[in-house]
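Some notes on the structure that comes next.
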Amino acid sequence: MLAEDLKSRIRRSGPLSFSNFVEACLYDSENGFYTKTGRAGRRGDFITSPEVGPVFGHLIANWLDQLWTEIQKPKDFQVIEVGAGCGTLARTILDSEPKCLESGSYVMVERSEELRKEHPTSEKLVSTMQMPEGPIVGAVIANELLDNLPFDLLEGDGNCWKEVCIDLMDDQFIEILTTEKDPPIEITPLKGARIPVQTQSNNWIKDVIEKISKGSILLFDYGSTTQEMSQRHQDSWLRTFKRHFRGDSPLEDVGNQDVTVEVAIDQLPKGFSISTQKQFLENQGINKLVEEGRKIWEESSSIGDLKAVKARSRITEADALLDPKGLGGFFVFEWKIGSSGAVSEN
């Protein structure tokens, strides 16, 4: 049982950093949330954009073809999806038959062995546990990956920031303040204020940038700024989920619920462009797809055939994907890397 393993670890070696605690809760090799049953989808624990329907994947395929054209249509074009889950996004992208993959390849990177068992297979698809080595020509994409990378916590005491670690009291997990630690950005340590420290997200992006010789990184996630999060209660930006409902405290039910954090935009590596998901999908032509779907529905609704049903579904999907208070309000981050390997400043 994961809780007992972590308690033994604390008794043996002392308090755990919050990032090490989250790493175990989500990715422990035997009892982590994603190692066992955690997944996106209607029969899973939460819905992400790819599970809403095929429209999201179709529009990502459009973006991939645009990128492929921008970098002179290389034959060795690669699409690397990190945090691919059970392969939902990969399926819809390949079903859209993007031209960039006629001679290119698609790599699904997923840490969970259980989820990798469900990956689609074809001669164009590769399923792997780890990010491929460079050089990469093409795109690295990820939907709601950064919010699931382990992070640390700091709390202000009015004079400085101190690290929040996990210890034990009466055989129960508790949070304690340990050593003084500098925050990733300059911010006043108001008493009781808390902030996440997302070093792993920052380092992961930097590592990917180094591996891309020409192409882009495209990431979808919800986010905020460190300053803004310091002014809100921790429960509003550090959340748990299980079976489509908010879960317990991160210290409860360990290994059986998702632990997720808003992405601190100001802690990410420089050089990215940013938009909302609504803006991005509109730029990729979602409104045209909706109008086409509405026209088909109006012409065929009385028949009720499969074509009409798919058209109606397209409209419903777009409503969910564009909702500014939901998925449409998510951020889209893009780093463009030129032939020199440098990040393009936007």
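The values are calculated or read from the model by the stated rules, or taken from the named source; none is laboratory data. All values derive from a computational prediction rather than experimental measurement. Note: ideal-geometry Cβ built from the backbone for every residue, glycine included; neighbour counts use all protein chains shown. Calculation scope for accessible area: heavy atoms of the full protein, side chains included, ligands and nucleic acids excluded. Shrake-Rupley method; radii C 1.70, N 1.55, O 1.52, S 1.80 Å.
Of all residues being free of Cβ contacts under 8 Å to residues at least 60 places away in the same chain and surrounded by fewer than 20 Cβ atoms within 10 Å (Cβ to Cβ) in the range 64-91, which is nearest to GLU123 (Cα to Cα)? Just the residue, please.
ARG91
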>> Give all pairs with beta carbons closer than 9 Å in which a residue from the range 160-185 that is within 9 Å of PRO15 (Cβ to Cβ) meets a residue that is among the basic types (Lys, Arg) and in a strand (DSSP E or B); count only pairs at least 6 apart in sequence or on separate chains.
In response: THR178/LYS162
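If we keep just the residues of the range 1-35 that are acidic (Asp, Glu) and out of contact with any Leu (no Cβ under 6 Å at 6 or more places or on another chain), which is surrounded by the most Cβ atoms within 10 Å (Cβ to Cβ)? Let's see the steps before the verdict.
Taking the range 1-35 and keeping what is acidic (Asp, Glu), we get 4-5, 23, 28, 30.
With the extra rule that they be out of contact with any Leu (no Cβ under 6 Å at 6 or more places or on another chain), the set shrinks to 4-5, 23, 30.
Values: GLU4: 11, ASP5: 15, GLU23: 18, GLU30: 10.
Top of the filtered list is GLU23.
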> Identify, please: which residue in the range 200-237 is part of a strand (DSSP E or B) and either modelled with pLDDT under 95 or out of contact with any helix residue (DSSP H, G or I) (no Cβ under 9 Å at 6 or more places or on another chain) (or both) and is, among those, surrounded by the most Cβ atoms within 10 Å (Cβ to Cβ)?
Replying inline: ILE212
>> Cβ-Cβ distance below 8 Å, separation of 6 or more or different chains: which pairs start in the range 313-336 with a residue that is in a loop (DSSP other than H, G, I, E, B) and end on one that is modelled with pLDDT of 95 or more and β-branched (Val, Ile, Thr)?
In response: PRO324/THR276; PHE330/THR276
> Which residues, counting only those in the range 306-346, are more than 21 Å from the chain's Cα centre (by Cα), among the β-branched types (Val, Ile, Thr) and modelled with pLDDT of 80 or more?
Replying inline: ILE315, THR316
>> Can you find, within the range 208-242, the residue that is farthest from PHE272 (Cα to Cα) among those that are among the charged types (D, E, K, R) and in contact (Cβ under 8 Å) with a residue 24 or more places away in the chain?
In response: LYS242
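Residues in the range 257-264: is at least one open to solvent by 30 Å² or more (accessible area, probe 1.4 Å) and either more than 18 Å from the chain's Cα centre (by Cα) or closer than 23 Å to TRP161 by Cβ (or both)?
Here is the first cut: in the range 257-264, the ones open to solvent by 30 Å² or more (accessible area, probe 1.4 Å) are none.
There is no residue in the range 257-264 that is open to solvent by 30 Å² or more (accessible area, probe 1.4 Å) and either more than 18 Å from the chain's Cα centre (by Cα) or closer than 23 Å to TRP161 by Cβ (or both).
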> If you scan the range 243-268, which residues turn out to be in contact (Cβ under 8 Å) with a residue 12 or more places away in the chain and hydrophobic (A, V, I, L, M, F, W, C)?
Replying inline: LEU251, VAL254, VAL259, VAL261, VAL263, ALA264, ILE265, LEU268
> What about THR179, is it open to solvent by 10 Å² or more (accessible area, probe 1.4 Å), of a type in the set (Ser, Thr, Tyr) and part of a strand (DSSP E or B)?
Replying inline: yes
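Taking the condition at pLDDT 95 or above and more than 14 Å from GLY32 (Cα to Cα), does ASP266 pass? Write out each step before concluding.
On the way: at pLDDT 95 or above: yes; more than 14 Å from GLY32 (Cα to Cα): yes.
Answer is yes for this residue.
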>> For the structure I just gave you, tell me whether LEU115 is open to solvent by less than 50 Å² (accessible area, probe 1.4 Å), more than 30 Å from LYS73 (Cβ to Cβ) and touching a Gly at 6+ places or on another chain (Cβ under 9 Å).
In response: yes
